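Enquirer: Let me begin by handing over the structure; questions about it come next.
The values are calculated or read from the model by the stated rules, or taken from the named source; none is laboratory data. Quick caveat, the model's predicted, so the values are computed rather than measured. Because the Cβ atoms are built from the backbone with ideal geometry, glycine has one as well, and the counts that use them run over all protein chains shown.
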Amino acid sequence: MSSEKKDGAKRKGGSKTGVKAAAKPKIAVFKFASCDGCQLSLLDAEDELLAITDAVDIAYFPEASRAMLKGPYDIGFVEGSITTHHDAQRIQEVRRECKTLVTLGACATAGGIQALRNWKDVDEFIRVVYASPQFISTLKLSTPIAEHVPVDFELRGCPINKYQLIELITATLCGRKPNIPTNSVCLACKRKGNVCIAVARGIPCLGPVTHTGCGALCPSFDRGCYGCFGPMETPNTASLTERLRILGQTDDQLMRGFRGFNAWAWQFRRASEECERK
Amino acid sequence: MATRAQTPRAPRKKREPSPTRNSPRAAAEATSKGNGSQPKPNSGKRNAKTASAIEFDRANHRPALITPEQLEKLIATLINDGFEVIGPTVRDEAITYDPVKCVADLPAGWTDEQEPARYRLKKSDNPALFGYSLGAQSWKTFLHPAEARLFAAEKQNGAFHILNNDPIPAVSRALLGVRACELAAIRAQDRVLLGDKYRDPIYGSRRESALIIAVQCSHAAATCFCVSIGSGPKVSDGFDLLLTELVDANGHRFVVEPGTDRGIGLLARVDAKPALEADLAAVESALASAAQQQRKLDTAGLKEFLYENFENPQWDKISARCLSCANCTMSCPTCFCTTVDDATDVTGTHAERCRRWDSCFTQSFSYIHGGSIRTSAKARYRQWMTHKLAAWTDQFGSLGCVGCGRCITWCPAAIDITEEVRAMREGGVRADA
Ligand code: SF4
Ligand code: SF4
Ligand code: SF4
Ligand code: SF4
């Protein structure tokens, strides 16, 4: 990817776009504890990438470009959870540098799969895994960005849906609310014409309590929803748990079901702990 | 023959998938699945919408009899006439309504078992093509599509241009296998979407070009309650052709009744023979067996009862179980609500307005300035049931429920509208008290 010159390329549409041509918004992408998959969604937006780089200055995006411009930034995207003291301080600086702060994906929004450590003894892991544990400095918990600083928008998913990312950028550029619904996966599943696999085949599916955004990907391929996008707006996990028991799920399976990429999102956390207690 | 097309339409390309942010595939699937078959210029004098108004002289058109081979010919004739034939078929371990090309695509020997939150496809020894009760999703999928682009606009030389605000041209479809309750649901949506001075052109174009081949039920699923509502199992009007499938010692055959001139024309083209008295008696006994339904909904005074029971304790009990997942409204053949989104592209020069099915179970549905007004599942379920069984009557002059039972089968939490009404009546404020 070519790095954008600060005052370079003429923008398609110029001032007609509704964004002041004089100041292209500066965008920055920061990484914390994560796998980089969400940042890659931006690079994966092949068809729109040129238009995006035309419309914004990608000022700081180490994964994609060597150019690293200083802040402040108009939009800061944050990927990853907070797992070290150093990161806990760094996120404060990032927040100060960004007018709008958007978290990308399950790690930044809910603590990610690495939040599974939150139920375990991290010191024990360090002793077992590392040859020289004295060099490891880490926090006991993996926590979402919003537990540390105020967040303006959270994009869900593991990984995020690139169309939602583009929608968010587009909406922010023209000053409108992004069309990113928060209801269950089932609406998308039914609109797509899928036959519900939970009802027709007894396959356990987290769709009814999961935030939409993936386009009902797994149920379209005969797999129950894993809950990658985390809890929907009003998740009734207790009722779904009851139903999944009727479909033959054990408490252990249910506990693991809620303990996925969004294990530390409070509704899923509570549901998993209730299954664990039984 | 096709259709009403007072203004002959130029053939058009299959429409572009609407710009779903989440899933382009979803949009593509939700929209027209057919390709290439265009509405033909009008040759019939009448249109489908007025099917029920046609004074069809039943006395002079005795019901006819056709064989499965003639049904094959009927499907071929329709395809030849430019229709996309949508009928029952087996997909994803269920009966679904999808494009069919021949009798072999129909679910011969398959039946369905339905109960709250459970659906299973079963093989039976009966070779019937229509031996199931209802498809997983309703015909709404084809008449009131899940997603539709309303228009697109572009900024050109500083001005705002609407590129296309035509109703999306629909492929003419022949709907094969429409049950009595489903016809009632189509009539209900007709009243909502067409029965007013503001007609919905997207629904209207699909509805008016649709040819309807209804099929009477010979058995009911455990979730059916059309008898309580009065919507079935007998079909009385609103079809071009009405089939009743018979499989007995006299063979595998269909008694066919035409409901429109188009239907009469079609029957002539497949060389249908007159039905015999014995066949007509068999139709009556098939209907009688479908009318044996376990599920019942007591509709007497229901509207008044629900209006007086906003605080019935049963709502809280439902609220503990309801997932607010919206499967009930998505599956319901009469639910018509949609949401409209505007989307722009990154350059800010192209905009589109799309609508998609919405549900009174989402928070955004009741969002007014400052927040959502139905924050609890209790409020949302109450809205749904009260709309279906009470307010609909005030708005549109009929119940908003046709007794198809889909909301019972496809509710992942096994909530049963008939059971909830019963429980509420047992514990509630009596309408006559
Ligand atoms: S398959 Fe899952 S996501 Fe789809 S409707 Fe059923 S429960 Fe909902
Ligand atoms: S409310 Fe339920 S039973 Fe009634 S028409 Fe809708 S889906 Fe069918
Ligand atoms: S029940 Fe809900 S979704 Fe269905 S028509 Fe009424 S308000 Fe709309
Ligand atoms: S009644 Fe059933 S299908 Fe409808 S929203 Fe509640 S749980 Fe979902």
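Enquirer: If I filter the range B:379-395 for residues that are away from ligand 2 (no atom under 16 Å from the Cβ) and in contact with a Ser or Thr (Cβ under 9 Å, 6 or more places away or on another chain), do I get at least one hit?
Expert: Taking the range B:379-395 and keeping what is away from ligand 2 (no atom under 16 Å from the Cβ), we get B:379, B:394.
Adding the requirement that they be in contact with a Ser or Thr (Cβ under 9 Å, 6 or more places away or on another chain) leaves B:379.
Checked against the condition, which is being away from ligand 2 (no atom under 16 Å from the Cβ) and in contact with a Ser or Thr (Cβ under 9 Å, 6 or more places away or on another chain), the range B:379-395 yields at least one hit.
Enquirer: Could you tell me how many of the residues in the range A:207-219 are at the interface with chain B (Cβ under 8 Å from one of its Cβ atoms) and without any contact (Cβ under 8 Å) to a residue 40 or more places away in the chain?
Expert: 5
Enquirer: Of all the residues that make up the range B:289-324, how many are assigned to a loop (DSSP other than H, G, I, E, B), charged (D, E, K, R) and touching a Ser or Thr at 6+ places or on another chain (Cβ under 6 Å)?
Expert: The total comes to 2.
Enquirer: Out of all the residues in the range A:177-197, which are part of a loop (DSSP other than H, G, I, E, B) and either within 16 Å of ligand 2 (Cβ to nearest atom) or among the hydrophobic types (A, V, I, L, M, F, W, C) (or both)?
Expert: Result: A:I180, A:V195, A:C196.
Enquirer: Hey, another quick one. Residues that are within 14 Å of another protein chain (Cβ to nearest Cβ), basic (K, R) and outside any helix (DSSP H, G or I): does the range B:155-166 have at least one?
Expert: Narrowing the range B:155-166 to residues within 14 Å of another protein chain (Cβ to nearest Cβ): B:155-161.
In the following step, the residues that additionally are basic (K, R) were identified as B:155.
In the following step, the residues that additionally are outside any helix (DSSP H, G or I) were identified as B:155.
Taking every residue of the range B:155-166 in turn, at least one turns out to be within 14 Å of another protein chain (Cβ to nearest Cβ), basic (K, R) and outside any helix (DSSP H, G or I).
Residue-by-condition table, conditions (1) within 11 Å of another protein chain (Cβ to nearest Cβ); (2) in contact (Cβ under 8 Å) with a residue 12 or more places away in the chain; (3) within 13 Å of ligand 4 (Cβ to nearest atom):
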residue: B:F310; (1), (2), (3): no, yes, no
residue: B:W315; (1), (2), (3): no, yes, yes
residue: B:C322; (1), (2), (3): yes, yes, yes
residue: B:S331; (1), (2), (3): yes, yes, yes
residue: B:F336; (1), (2), (3): no, yes, no
residue: B:A351; (1), (2), (3): yes, yes, no
residue: B:R374; (1), (2), (3): yes, yes, yes
residue: B:R382; (1), (2), (3): no, yes, yes
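Enquirer: Another one. Identify, by number, the condition in (1) crowded, with 19+ Cβ neighbours inside 10 Å; (2) more than 16 Å from ligand 2 (Cβ to nearest atom) that B:C335 doesn't meet.
Expert: Of everything listed in (1) crowded, with 19+ Cβ neighbours inside 10 Å; (2) more than 16 Å from ligand 2 (Cβ to nearest atom), B:C335 misses just condition (2).
Enquirer: Could you say whether any residue in the range A:230-249 is at pLDDT 95 or above, touching a strand residue (DSSP E or B) at 6+ places or on another chain (Cβ under 6 Å) and either within 14 Å of ligand 1 (Cβ to nearest atom) or within 14 Å of chain B (Cβ to nearest Cβ) (or both)?
Expert: Yes.
Enquirer: Moving on to the next point. Out of A:A115, A:A146, A:A110, A:A200, I need the residue that is more than 28 Å from B:T375 (Cα to Cα), of a type in the set (G, A, S) and more than 14 Å from every other protein chain (Cβ to nearest Cβ). Which one?
Expert: A:A115
Enquirer: So, one more: So which residues in the range A:196-219 are touching a strand residue (DSSP E or B) at 6+ places or on another chain (Cβ under 7 Å), more than 8 Å from ligand 1 (Cβ to nearest atom) and closer than 17 Å to B:T96 by Cα? If you could, list the steps in order and put the result at the bottom.
Expert: Going through the range A:196-219, the residues touching a strand residue (DSSP E or B) at 6+ places or on another chain (Cβ under 7 Å) turn out to be A:199-200, A:207-212.
Then drop every residue that is not more than 8 Å from ligand 1 (Cβ to nearest atom), which leaves A:200, A:209, A:211-212.
A:A200 - this is the single residue of the range A:196-219 that is touching a strand residue (DSSP E or B) at 6+ places or on another chain (Cβ under 7 Å), more than 8 Å from ligand 1 (Cβ to nearest atom) and closer than 17 Å to B:T96 by Cα.
Enquirer: Answer yes or no as to whether B:E304 is more than 30 Å from B:L243 (Cα to Cα) and either within 11 Å of another protein chain (Cβ to nearest Cβ) or more than 16 Å from ligand 3 (Cβ to nearest atom) (or both).
Expert: Yes.
Enquirer: I would also like to ask the following. Among the listed residues B:A286, B:A268, B:A281, B:A343, identify the single one that is assigned to a helix (DSSP H, G or I) and either within 30 Å of B:A152 (Cα to Cα) or touching a residue at least 24 places away in the same chain (Cβ under 8 Å) (or both).
Expert: That would be B:A286, the only listed residue that is assigned to a helix (DSSP H, G or I) and either within 30 Å of B:A152 (Cα to Cα) or touching a residue at least 24 places away in the same chain (Cβ under 8 Å) (or both).
Enquirer: Another question, then. From the residues in the range B:388-418 that are at positive phi and away from ligand 1 (no atom under 16 Å from the Cβ), which one is surrounded by the fewest Cβ atoms within 10 Å (Cβ to Cβ)?
Expert: Among residues in the range B:388-418 that are at positive phi and away from ligand 1 (no atom under 16 Å from the Cβ), the one surrounded by the fewest Cβ atoms within 10 Å (Cβ to Cβ) is B:G397.
Enquirer: A follow-up question, please. Please enumerate the residues belonging to the range B:397-407 that are over 12 Å from B:A184 (Cβ atoms) and more than 10 Å from ligand 3 (Cβ to nearest atom).
Expert: If the condition is that a residue be over 12 Å from B:A184 (Cβ atoms) and more than 10 Å from ligand 3 (Cβ to nearest atom), then B:G397, B:G405, B:R406 are the ones that fit.
Enquirer: When the residues of the range A:197-212 are narrowed to those that are under 19 Å from A:W266 (Cβ atoms) and not hydroxyl-bearing (S, T, Y), which ends up nearest to ligand 3 (Cβ to nearest atom)?
Expert: Only one residue fits best here, namely A:P208.
Enquirer: Is it the case that A:T138 is out of contact with any His (no Cβ under 8 Å at 6 or more places or on another chain), modelled with pLDDT of 95 or more and of a type in the set (S, T, Y)? Spell out the reasoning first.
Expert: Numbers: out of contact with any His (no Cβ under 8 Å at 6 or more places or on another chain): yes; modelled with pLDDT of 95 or more: no; of a type in the set (S, T, Y): yes.
So A:T138 does not fit the description; no.
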